[in-house]
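The values are calculated or read from the model by the stated rules, or taken from the named source; none is laboratory data. Being a predicted model, the structure only gives us computed values, none of them experimental. Please note: Cβ atoms are built from the backbone with ideal geometry, for glycine as well, and neighbour counts cover all protein chains shown. Protein only, heavy atoms only, side chains kept; ligands, DNA and RNA dropped before computing areas. Shrake-Rupley method; radii C 1.70, N 1.55, O 1.52, S 1.80 Å.
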Amino acid sequence: TGNPWGYGKQDGPSVWHKNYPVAEGDRQSPIDIVPHQASHDPSLGPIVLNYDKCTSIKIANNGHSVVVEFEDSDDRSVIQGGPLGNPYRLKQFHFHWGGKDCHGSEHTVAGNSYASELHLVHWNAVKYKTFGEAATAPDGLAVLGIFLETGDDHRWLHAITDVLYTVKFKGSVTDFKGFNPKCLLPSSLHYWTYLGSLTTPPLHESVTWIVVKDPIIVSEKQLGKFRMLVFTGEEEDQRIRMENNFRPPQPLKGRKVRSSN
Ligand SMILES: NS(=O)(=O)c1nnc(N(Cc2cn(-c3ccccc3)nn2)Cc2cn([C@@H]3O[C@H](CO)[C@@H](O)[C@H](O)[C@H]3O)nn2)s1
Ligand SMILES: [Zn+2]
């Protein structure tokens, strides 16, 4: 079973529409965020993260990115506030990154890319019974996006970068308990928000995006450890380095981007 989709020439973002026609839909992600065109909305309250009882379970290489999965059978770790009408449950987080530092993020800001972007994926367990059901509903998911910029070492990101070697190959999984992703957030949670989609197939248009304005700073060395992962499985003879696993910005199609204060 070959990869149904990927980030290469033959199976990358430019051909995803062949198997996933919604790729050309009206609320696709990511987008280029133009700060001075975003409308400041004073009714947008702060984002509230209740991650203190969060339970990470495992870290895995799913052939597209490295993913940390959480126990989401109850409301122990939720995001709420901001544009959200109710709490959304944390399910997983993962990263997108480049091969060089000038690009790698999915959202861009006034045309500028960051080296990487962290996505914390949450689902509306108030209205939907399962993640899969929520993932196909227009208000089913909320993804918190955090930009990563290279500079000094990030002391808490080591917990992840120091174990990446254990999930080098597609399909590898390692226990990863007791990690609270709150340590990966910048001090200010000012954000932009807009209605969009998953940025990987099936590209469902079910995501309320909350993109935090301030990046976190990580070292080139830490980012380099993401690039030692491979898209391919251990049994495959090809070793294709995992990098540039980002979708480029998609047409805004008249959508409004709102800005918190
Ligand atoms: N770049 S980002 O915008 O943020 C994301 N892009 N994709 C993400 N995930 C992958 C995904 C798959 N599906 C889906 C939904 C319905 C039917 C088929 C596939 N939705 N998102 C997030 C994700 C999904 N999953 C797995 O989805 C399966 C289908 O629901 C479920 O059975 C597994 O239990 C669960 O682990 N994990 N993460 S996020
Ligand atoms: Zn993502």
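Couple of notes before you dig in:
- S187 being among the small types (G, A, S) and crowded, with 21+ Cβ neighbours inside 10 Å: no
The rows are residues; the columns are (1) out of contact with any strand residue (DSSP E or B) (no Cβ under 9 Å at 6 or more places or on another chain); (2) part of a loop (DSSP other than H, G, I, E, B); (3) within 13 Å of ligand 2 (Cβ to nearest atom); (4) of a type in the set (A, V, I, L, M, F, W, C).
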residue	(1), (2), (3), (4)
E117	no, no, yes, no
L120	no, no, yes, yes
K129	yes, yes, no, no
P138	no, yes, no, no
V143	no, no, yes, yes
I146	no, no, yes, yes
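- Matching residues, the range 159-193, being touching a strand residue (DSSP E or B) at 6+ places or on another chain (Cβ under 9 Å) and of a type in the set (S, T, N, Q): T161, T166, S172, T174, N180, S188, T193
- Contacts under 8 angstrom Cβ, first residue in the range 188-211 being among the acidic types (D, E), partner away from ligand 2 (no atom under 12 Å from the Cβ) and part of a loop (DSSP other than H, G, I, E, B), 6 or more apart: E205/G25; E205/D26; E205/R27; E205/Q28; E205/P138
- Set R76, R89: member being outside any loop (DSSP other than H, G, I, E, B), among the basic types (K, R) and more than 16 Å from ligand 2 (Cβ to nearest atom): R89
- For the range 6-26, the set of residues classified as part of a loop (DSSP other than H, G, I, E, B) and of a type in the set (S, T, N, Q) consists of Q10, S14, listed by residue number.
- For the range 190-225, residues that are within 30 Å of V22 (Cβ to Cβ), away from ligand 1 (no atom under 15 Å from the Cβ) and open to solvent by less than 30 Å² (accessible area, probe 1.4 Å) total 2.
- Test: residue in the range 86-98 that is touching a residue at least 40 places away in the same chain (Cβ under 8 Å), open to solvent by 60 Å² or more (accessible area, probe 1.4 Å) and not basic (K, R): no
- The residues on offer are S116, S14, and the sole one that is under 25 Å from T161 (Cα atoms) and either out of contact with any Cys (no Cβ under 9 Å at 6 or more places or on another chain) or open to solvent by 40 Å² or more (accessible area, probe 1.4 Å) (or both) is S116.
- For T130, the conditions (1) of a type outside the set (D, E); (2) more than 16 Å from ligand 1 (Cβ to nearest atom); (3) farther than 28 Å from T232 by Cα all hold with the exception of (2).
- Of E69, E106, all but one fail to be touching a residue at least 12 places away in the same chain (Cβ under 8 Å), within 13 Å of ligand 1 (Cβ to nearest atom) and in a strand (DSSP E or B); the exception is E69.
- Selection from the range 17-43 of residues that are within 16 Å of ligand 2 (Cβ to nearest atom) and more than 18 Å from the chain's Cα centre (by Cα): Y20
- Every condition in (1) under 18 Å from the mean Cα position of the chain (by Cα); (2) touching a residue at least 24 places away in the same chain (Cβ under 8 Å) holds for T55 except the one numbered (1).
- For the range 119-150, the tally of residues that are open to solvent by 40 Å² or more (accessible area, probe 1.4 Å) and not basic (K, R) stands at 10.
- Being in a loop (DSSP other than H, G, I, E, B), open to solvent by 70 Å² or more (accessible area, probe 1.4 Å) and of a type outside the set (V, I, T) holds for only one residue in P83, P42, and it is P42.
- Scope the range 151-184; condition of a type outside the set (D, E, K, R), within 18 Å of S116 (Cα to Cα) and open to solvent by 50 Å² or more (accessible area, probe 1.4 Å); matching residues: W156, H158
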